[in-house]
Amino acid sequence: IPVVTQHFTMLARNLLYTGVTRGKRLVVLVGQKKAVGIAVRGGQMKRRWTKLRQWLAAH
């Protein structure tokens, strides 16, 4: 899993957790310790604008 500060918007705890727990045999984090720290400490959840409700209502 690439973990770098250049893509700081992707450094969210829930995304890192999902990536690590989906590994079947081996998970390797490649990148910066600082980026992993940001992801682990960053407990703030951003609101997702998926438009899922509208998509479901249309189908």
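Before moving on, here are some points about what is shown:
- Ordering of 34-42, 5-13, 20-28 by burial proxy (mean other Cβ atoms within 10 Å per residue, highest first): 34-42, 5-13, 20-28
- Here each label is just a point 7 Å from Cα along the line to Cβ, and for residue 34 and residue 14 those points are 2.7 nm apart.
- Whether the range 7-56 is rounded, prolate or oblate, judged on the alpha carbon gyration tensor where a/c under 1.5 counts as rounded: oblate
Values quoted throughout were computed directly from the atomic coordinates according to the rules given, and no laboratory measurement underlies them. Nothing here was measured: the structure is a model prediction, and the numbers come from that model. Glycine also receives a Cβ, built like all others from the backbone with ideal geometry; neighbour counts cover every protein chain displayed.
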